[in-house]
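Peer 1: Could you have a look at this structure, given as structure tokens, before my questions?
The values are calculated or read from the model by the stated rules, or taken from the named source; none is laboratory data. Small disclaimer: the values here were computed from a predicted structure and weren't measured. Don't worry about glycine lacking a Cβ; one is built from the backbone with ideal geometry, like all the others, and counts go over all protein chains shown. In case anyone asks, the SASA skips ligands and DNA or RNA and just uses the protein heavy atoms, side chains included. Shrake-Rupley method; radii C 1.70, N 1.55, O 1.52, S 1.80 Å.
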Amino acid sequence: MVIRQLMSGKEATVYVVRCGEDIRCAKVYKEANERSFKQASMYQEGRKVKNSRQARAMEKGTRYGRKMQEEVWQNAEVDALYRLAAAGVRVPKPYICFEGVLLMDLVTDAAGNAAPRLNDVTLTEDTARKYHAQLLHEVVLMLCAGIIHGDLSEYNILVDGEGPVIIDLPQAIDAAGNSGAGPMLVRDVDNLATFFSQYAPQLAATQYGKEIWALYQAGLLRPDTALTGRIAADKRPADVGAVMREIQLARKEEEERRQYQAQL
């Protein structure tokens, strides 16, 4: 039974619901043409589908293919939630996803009310530094589990009685299977630094994202790895080829977006 609407985001609307004696939340995904967050190919890279027929249909953009894209998009969040919960990451516990509705635990604050988003919380400098450190640890745990959030910011982090809880993972990517994984990880971590530096200005100059990714690539990242926020300057010549590939990828994504919109 639906009790009330909790929030509406760029890809879904979330409701507080009653399930027997339990109060949980139901995330109802919006149709593709209603979402402001598009399924850019950069997020889809590395994701697997059930069989080759589905993969071909998705590539051609048929009605069946678009339906499969929606299922892959939604299942990505469910799969990520289960994997991250098993890895000890603070995420809502998922129960089931059916017909575009994901049922999860309701995250609550110390008083038992629905937990606020991080952007709605006023912080002291000490609390900002504490939450920033906690979230860096969560990012490391996620990466050790092979997952990058891909859209992490103060708008998809809740604050319960024990601290930050990460939500909204349909765009989560596989760290080893996506060529854009490094830049996305760095962007996620930079978003955290930008937000928390409002309260703790010294965080603005840190480079935790680059440090974490460098340790991951070197096979040295562990859940208990001590981070410094600093990284040695890269004095190697610029990789012009890599830059051109990024430009070509951006052009491809824009073309795919236009083709997808034309098919709706």
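Peer 1: Examine region 124-147 for a residue that is within 28 Å of residue 19 (Cα to Cα) and out of contact with any Phe, Trp or Tyr (no Cβ under 9 Å at 6 or more places or on another chain), and state whether such a residue exists.
Peer 2: Filtering region 124-147 for residues within 28 Å of residue 19 (Cα to Cα) gives none.
Taking every residue of region 124-147 in turn, none turns out to be within 28 Å of residue 19 (Cα to Cα) and out of contact with any Phe, Trp or Tyr (no Cβ under 9 Å at 6 or more places or on another chain).
Peer 1: Here's a follow-up. Restricting attention to region 108-157, which residues are in contact (Cβ under 8 Å) with a residue 60 or more places away in the chain and touching a Pro at 6+ places or on another chain (Cβ under 8 Å)?
Peer 2: Result: 118, 131, 137, 140, 141, 144.
Peer 1: Further question: State whether one or more residues within region 210-232 are open to solvent by less than 60 Å² (accessible area, probe 1.4 Å), in contact with an Asp or Glu (Cβ under 7 Å, 6 or more places away or on another chain) and in a helix (DSSP H, G or I).
Peer 2: The answer is no, given that none of the residues of region 210-232 is open to solvent by less than 60 Å² (accessible area, probe 1.4 Å), in contact with an Asp or Glu (Cβ under 7 Å, 6 or more places away or on another chain) and in a helix (DSSP H, G or I).
Peer 1: Within region 188-208, track down each residue that is open to solvent by less than 60 Å² (accessible area, probe 1.4 Å), touching a Gly at 6+ places or on another chain (Cβ under 9 Å) and of a type in the set (Gly, Ala, Ser).
Peer 2: 193, the sole residue that qualifies.
Peer 1: Check off (1) touching a Leu at 6+ places or on another chain (Cβ under 7 Å); (2) open to solvent by less than 30 Å² (accessible area, probe 1.4 Å); (3) in a loop (DSSP other than H, G, I, E, B) for residue 135 and give me the number that stays unchecked.
Peer 2: (3)
Peer 1: For region 171-185, how many residues are assigned to a helix (DSSP H, G or I) and either buried (at least 19 other Cβ atoms within 10 Å of the Cβ) or out of contact with any Phe, Trp or Tyr (no Cβ under 7 Å at 6 or more places or on another chain) (or both)? Step through it out loud before you land on a result.
Peer 2: So the first thing to find is which residues in region 171-185 are assigned to a helix (DSSP H, G or I), and the list is 181-185.
Keeping just the survivors that are either buried (at least 19 other Cβ atoms within 10 Å of the Cβ) or out of contact with any Phe, Trp or Tyr (no Cβ under 7 Å at 6 or more places or on another chain) (or both) gives 181, 183-185.
Adding up the residues that qualify gives 4.
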